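> I'd like to ask you about the structure that follows.
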Amino acid sequence: MKKLSKKKSANWRNNYEFIDTALVNDRTYFDYLNRFKQIALSMFEWVNLPSSMNSDFLEKCLYYFGQASLLKTIEYGFINTKCASNGYINIYDIPTKLNCFSYEFQQDRQVYSGLTPNINEYESCILVKNNWEKLPTSGTMELFAMRLYEAERTCDVNIKAQKTPVLLVGDELFKQTMMNLFNKYNGNEPVIYGDKKQLGSDTLRSIKTDAPFVADKIMQYKKEIWNEALTYLGINNIMVDKKERLITDEANSNNELINMNLQSRLAPRKNACKQFNELFGMNIDVRVRSDLHNIIKNLDSSVNDLQDKKGIEIEVNES
């Protein structure tokens, strides 16, 4: 087998290093994106859906495509599918027909609205909107994930620069020697041995890069981006440091923005439930998952009760 030349071998090594870095970049980006996706897909709980319908698939359709459809079929009963506008737009800018489709299923249906009385339940469907503009959540989450990925990898590079704040400069003949030295340094070896004839001042020298430490500022930037993403989703994310106090007006303003972002996705879902119940005589509903909220609320209540009891005991002892 023919051996690679030193130049080709170095190129292969550089390519592998580039591939490793690219893999870490991709994994960092998709890690943040998957975190956001899991949060977004878990926010709403659909209540009293028929057993033949699937709320997970419904939320995925809304997350990726911004809209979905609810309908009744002869073959499957009640189902939810992807959909696309198919037909003209009515006076309220709502499509009159939808192409309802999924895996091994496709039907054109008339959209139920207040302008379509006496509609046949097997020929109609309910349009579910992710928000009033029918925009998917995925696009915005991808932008947030990209910003977090950039910040995270910048932190990695900056921290690495603190560990190796020097450049090794030498003759091309000693390139492999310099690479071996750097690998040992990068591998946290406590002592590095070398030949003084090969590593003399004439053949090898170092240059300080003096890279400033800015990772702490970037981490703060990351927190701001993360909190902005949670605010967009409608999740309370106020975190106050021990040395800081949040003004009541600022807290109320932030809570109002969070609530409006939440309602921008909850209200269209509620409207679809209302139309579904009118058309099919059902009683489905959608609500925000509040398990964590209830846990925090109960904890706060327990603390307040304990404080009240202590206050009563103090008053009794003083009297």
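> Out of Leu49, Leu58, Leu41, report the one residue that is in contact with a strand residue (DSSP E or B) (Cβ under 6 Å, 6 or more places away or on another chain) and closer than 17 Å to Lys270 by Cα.
Only one candidate passes the filter, namely Leu58.
> Can you tell me how many residues in region 60-78 are surrounded by fewer than 21 Cβ atoms within 10 Å (Cβ to Cβ) and either of a type in the set (S, T, N, Q) or under 12 Å from Ile126 (Cα atoms) (or both)?
So the answer is 2.
> Residue pairs, Cβ under 7 Å, 6 or more apart or interchain, first in region 146-157 and in contact (Cβ under 8 Å) with a residue 40 or more places away in the chain, second crowded, with 17+ Cβ neighbours inside 10 Å and polar (S, T, N, Q). List them.
Tyr149/Thr28; Glu152/Thr28; Arg153/Thr28
> Return yes when Ser113 is modelled with pLDDT under 90 and either touching a Phe, Trp or Tyr at 6+ places or on another chain (Cβ under 8 Å) or surrounded by 15 or more Cβ atoms within 10 Å (Cβ to Cβ) (or both) and no when it is not.
It is true that Ser113 is modelled with pLDDT under 90 and either touching a Phe, Trp or Tyr at 6+ places or on another chain (Cβ under 8 Å) or surrounded by 15 or more Cβ atoms within 10 Å (Cβ to Cβ) (or both).
> Identify, by number, the condition in (1) of a type in the set (A, V, I, L, M, F, W, C); (2) over 28 Å from Ser264 (Cα atoms); (3) touching a residue at least 60 places away in the same chain (Cβ under 8 Å) that Ile74 doesn't meet.
The failed condition is (3).
> Please go through region 24-78 and give me each residue that is assigned to a helix (DSSP H, G or I) and among the aromatic types (Phe, Trp, Tyr), ordered by number.
Tyr29, Phe30, Tyr32, Phe36, Phe57, Tyr63, Tyr64, Phe65
> Quick check on Cys100: is it in contact with a Lys or Arg (Cβ under 9 Å, 6 or more places away or on another chain), in contact (Cβ under 8 Å) with a residue 40 or more places away in the chain and surrounded by 14 or more Cβ atoms within 10 Å (Cβ to Cβ)?
no
> Go through region 206-319 and tell me which helices (runs of 4 or more DSSP H), entirely inside it, have 2 or more residues that are basic (Lys, Arg), modelled with pLDDT of 95 or more and under 30 Å from Tyr112 (Cβ atoms).
Because the criterion is at least 2 residues that are basic (Lys, Arg), modelled with pLDDT of 95 or more and under 30 Å from Tyr112 (Cβ atoms), the helices (runs of 4 or more DSSP H) in region 206-319 that meet it are 248-280.
> Tell me yes or no: at least one residue of region 111-127 is over 20 Å from Leu279 (Cα atoms) and β-branched (Val, Ile, Thr).
no
The values are calculated or read from the model by the stated rules, or taken from the named source; none is laboratory data. Predicted, not measured: the structure shown is a model, and the values here were computed from it. Please note: Cβ atoms are built from the backbone with ideal geometry, for glycine as well, and neighbour counts cover all protein chains shown.
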